[in-house]
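The values are calculated or read from the model by the stated rules, or taken from the named source; none is laboratory data. Only a predicted model underlies this, so the values are computations on that prediction, with no experimental measurement involved. Here the Cβ positions follow ideal geometry from the backbone for every residue, glycine too, while neighbour counts run over all protein chains shown. The accessibility values were calculated without ligands, DNA or RNA, using every heavy atom of the protein model including side chains. Shrake-Rupley method; radii C 1.70, N 1.55, O 1.52, S 1.80 Å.
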Amino acid sequence: MAKSNGCDSCNDITGGSTIDLLNQDLAKKVRTAYDRIEDRGMSACLFGSGGTCCRICNMGPCQIIDGVEAMVGICGATADTVAARNFARLVAAGTAAHTDHAREMVRGFIATAKGETPHEIKDVAKLHTMAEVFGIEIGDRDKNEIALELGERALAEFGQQEGTVTMLKRAPEKQQKIWKEKGVEPRGIDREVVEMMHRTHMGVDQEYKNIMKQAARCSLADGWGASMLSTELTDIMFGTPVPKRSIIDLGVLRADMVNVTVHGHEPLLAESLCLAAEDEELLALAKKAGAKGINLAGVCCTGNEILMRRGIPVAGSFIQQEMVLATGAVEAMVVDVQCVMQSVAQVVKGKHTDIITTNYRAKMPDAIHIQFEEDEAYESAKKILTRAIGNFKKRGDFYIPIDKKFDVVVGFSHETINYMLGGRFRQSYRPLNDNIINGRIRGIGALVGCEHYKHSDDVHFEIAKELIANNVLVLATGCAAQALGRRGMLRPEAATEYAGDGLREVCETVGMPPVLHVGSCVDNSRLLIALTAMVKEGGLGDDISELPAVGSAPLWMSEKAVAIGQYFVTSGAHVIFQDLPIKGAKKFTEFMLNGMKEEYGASWGVAETKDIAKAMIAAIDEKREALGINKKQERVLMDMAMRRDLEAGTSLPGMGCGGES
Ligand code: NFS
Ligand code: SF4
């Protein structure tokens with residue numbers, strides 16, 4: 001990490017504790033992605049970043065220059081075709097990642113319903129809601145029986161060949177009509193990924209709009225299919241998130257405990273580790289090794305999953321995964337799938353830390369593998385923790401930053417938002433819609449997705465600051481949410497410090513932060529449900545495209561972020577990224593940035609990070625204008641009835657408890 005001082009990004013890193021760590025000798029020896037970016041010393045290939053490099057057949061690779069006749073592909077493919085194919089393949093890969101994650105969660109759910117895991121069906125109310133969505137009889141049936149039927153129906157959606165994915169019908173009716181008319185309703189989840197890969201094979205679909213039609217269908221199979229199944233069934237099994245206080249910071253590692261970080265995405269293993277970390281036998285073993293106990297901490301989206309549901313602290317986000325290990329204080333980093341850098345196994349060379357892979361799909365050189373079996377979940381978890389405890393005595397020099405920890409309040413599932421804003425006795429989105437209509441809240445801005453080493457770490461913070469100062473309520477997921485947590489934006493106090501008058505008034509009355517942590521990346525499906533609830537509540541138009549709501553993944557890096565962006569656009573929500581690999585193809589770019597609007601009521605947008613907040617606010621104002629609610633209003637104080645309604649939601653179960661465990 002020698003470059004911690006030279007590079008823009010590192011100078012801004014987060015809450016002070018990363019800088020603090022980087023200044024320690026032991027961390028200076030570690031090479032990170034920042035160093036690798038500097039060492040590469042070359043800028044990205046223009047064809048690759050413009051979307052016009054094709055290597056899908058062996059006559060290529062072909063680098064296409066739009067408008068130059070001699071520079072089409074050997075097969076004659078144009079820039080528009082190639083860029084659309086490449087983009088569509090990003091959507092397919094992102095969808096595949098969410099899909100495979102979701103499939104594992106559904107399989108775990110079925111095993112749980114059969115009593116084969118240490119978990120149980122926790123949220124019976126949500127089980128019943130989902131049973132209704134799937135048309136499953138509830139009556140006085142046992143919860144496990146209903147869950148088993150739901151699980152099997154859900155699993156069948158992956159391989160379904162005809163019909164439509166069930167949860168599409170949760171969308172606003174107008175939205176559903178648009179999808180039907182355009183012929184983009186997903187038939188089955190896996191089918192749409194396979195068809196996307198087929199259509200982008202050499203010599204198949206050669207019309208960029210038609211390619212993007214399948215990309216739209218594929219992305220809906222992610223958002224309203226796989227991701228939504230994953231979120232809902234995981235909630236039923238592990239509990240729907242309610243507000244919890246916790247911490248997101250490197251400093252959550254403990255000097256006197258066995259530190260085990262969970263990194264990846266599928267929370268089945270992490271939940272088992274949470275249970276096993278309280279096992280008497282293991283605690284005795286830890287004590288014998290000289291530790292006070294076992295300290296679990298999250299990284300990336302597994303971190304988000306157990307943060308949201310259990311209040312377990314997060315040690316670091318995507319860009320911090322190497323730094324978490326650079327502390328020298330981690331006995332084991334347990335990884336499963338997605339967003340795990342190959343470098344983590346190199347960072348721990350010469351340290352006592354084990355990198356433990358747990359999923360047969362994702363092995364790493366220089367790591368050890370302990371396969372996680374869901375029917376032996378507890379035993380697998382114990383095996384992993386036993387290994388970590390064995391490492392504690394071998395810990396050498398370490399450094400855990402201790403200052404600048406911000407508390408975070410997390411757990412803003414759709415249900416929590418409903419409850420919190422609607423009040424205990426009248427759960428609804430009415431007060432939210434009313435506050436948008438009366439202008440206290442200007443609109444909704446979703447900040448989602450990854451972090452990126454090529455950009456400064458305060459990008460999310462600066463965007464959120466500008467949004468909330470302009471009374472835009474921010475909903476955050478993924479690593480973006482963690483970045484905001486590190487900067488103190490997930491505290492109720494942030495409303496007083498940063499929010500505009502209207503938003504501040506609402507936040508202070510309810511006691512909520514101006515930036516709500518909604519969950520992991522698969523939990524972007526919660527945003528679809530929240531937006532739908534706003535439409536159904538009335539007063540803000542008939543479909544998602546009329547809502548003053550806009551999304552951005554300012555620092556996207558993974559294909560999953562593109563799949564997410566695509567399903568939001570196809571669902572009617574405008575989405576702004578900092579760049580997209582499309583600019584080498586003129587007609588295709590025009591279609592993505594404008595043409596899609598005619599089809600789905602929303603399009604992609606591109607803006608430099610410093611302009612993203614402005615672009616988001618402009619998009620919100622455009623919707624407010626169209627709804628006729630953009631009048632500049634006098635600030636109206638809430639009347640007593642309204643205040644009572646809002647206050648009814650303040651004392652939530654779980655609020656203020658949880659925390660460091
Ligand atoms: Ni989302 Fe979450 Fe993070 Fe990006 Fe990776 S962990 S699934 S893909 S980097 S937000
Ligand atoms: Fe080149 Fe066409 Fe083959 Fe792509 S499909 S690599 S453009 S020949």
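Candidates are the residues of the range 30-67 that are open to solvent by 20 Å² or more (accessible area, probe 1.4 Å) and among the aliphatic types (A, V, I, L, M); the one that is farthest from residue 456 (Cα to Cα) is 59. Here the range 37-52 is the region considered, the condition is being modelled with pLDDT under 90 and in a helix (DSSP H, G or I), and the residue that is nearest to ligand 1 (Cβ to nearest atom) is 37.
Among all residues of the range 82-96, there is none that is over 30 Å from residue 580 (Cα atoms) and out of contact with any Leu (no Cβ under 8 Å at 6 or more places or on another chain). Just one of the listed residues (112, 81) is in the same structural domain as residue 159 (by TED's automatic domain parsing), hydroxyl-bearing (Ser, Thr, Tyr), within 16 Å of ligand 2 (Cβ to nearest atom) and at negative phi, and it is 81. Within the range 461-485, the residues that satisfy the criterion of being in a helix (DSSP H, G or I), within 18 Å of residue 527 (Cα to Cα) and either within 16 Å of ligand 1 (Cβ to nearest atom) or open to solvent by 10 Å² or more (accessible area, probe 1.4 Å) (or both) are 464, 478, 479, 480, 481, 482, 484.
Summed over the range 448-460, residues that are within 15 Å of the chain's Cα centre (by Cα) and open to solvent by 30 Å² or more (accessible area, probe 1.4 Å) total 1.
Across the range 53-70, the qualifying residues are those that are modelled with pLDDT of 95 or more, hydrophobic (A, V, I, L, M, F, W, C) and under 15 Å from residue 586 (Cβ atoms), and the one among them that is nearest to ligand 2 (Cβ to nearest atom) is 64. Of the residues making up the range 531-579, those that are over 15 Å from the mean Cα position of the chain (by Cα), assigned to a helix (DSSP H, G or I) and small (Gly, Ala, Ser) number 2. The residue of the range 68-85 that is nearest to ligand 1 (Cβ to nearest atom), among those that are surrounded by fewer than 17 Cβ atoms within 10 Å (Cβ to Cβ) and over 13 Å from residue 203 (Cβ atoms), is 71.
Among the candidates 155, 150, 168, 127, the residue that is of a type in the set (A, V, I, L, M) and open to solvent by 50 Å² or more (accessible area, probe 1.4 Å) is uniquely 155. Which one is nearest to ligand 1 (Cβ to nearest atom), of the residues in the range 486-498 that are assigned to a loop (DSSP other than H, G, I, E, B) and open to solvent by 10 Å² or more (accessible area, probe 1.4 Å)? This residue is 487. Among residues of the range 278-291 that are under 11 Å from residue 393 (Cα atoms), those with a beta-carbon under 7 Å from a residue that is in a helix (DSSP H, G or I) and not β-branched (Val, Ile, Thr) at least six positions away or on a different chain give the pairs 289/392; 290/392; 291/392. So, of the residues in the range 201-214 that are in a helix (DSSP H, G or I) and over 15 Å from residue 180 (Cα atoms), which turns out to be nearest to ligand 1 (Cβ to nearest atom)? So, considering only residues that are in a helix (DSSP H, G or I) and over 15 Å from residue 180 (Cα atoms), the one nearest to ligand 1 (Cβ to nearest atom) is 212. For the range 499-526, name all the residues that are more than 16 Å from ligand 1 (Cβ to nearest atom), outside any loop (DSSP other than H, G, I, E, B) and not aliphatic (A, V, I, L, M). Selection gives 501, 502, 504, 505, 507, 508, 509. The single residue among 293, 311 that is open to solvent by less than 10 Å² (accessible area, probe 1.4 Å) and under 21 Å from the mean Cα position of the chain (by Cα) turns out to be 311. Can residue 221 be described as surrounded by 24 or more Cβ atoms within 10 Å (Cβ to Cβ) and part of a helix (DSSP H, G or I)? Taking the combined requirement at face value, the residue satisfies it.
Pairs meeting the criteria (first residue in the range 62-75 and at positive phi and of a type outside the set (A, V, I, L, M, F, W, C), second residue crowded, with 16+ Cβ neighbours inside 10 Å and modelled with pLDDT of 95 or more, beta carbons under 8 Å, at least 6 apart or on different chains) are 67/79. When residue 280 is tested against (1) within 16 Å of ligand 1 (Cβ to nearest atom); (2) open to solvent by 10 Å² or more (accessible area, probe 1.4 Å), only condition (1) is not met. All conditions in (1) surrounded by fewer than 16 Cβ atoms within 10 Å (Cβ to Cβ); (2) away from ligand 2 (no atom under 16 Å from the Cβ); (3) acidic (Asp, Glu) hold for residue 100, with the sole exception of (1).
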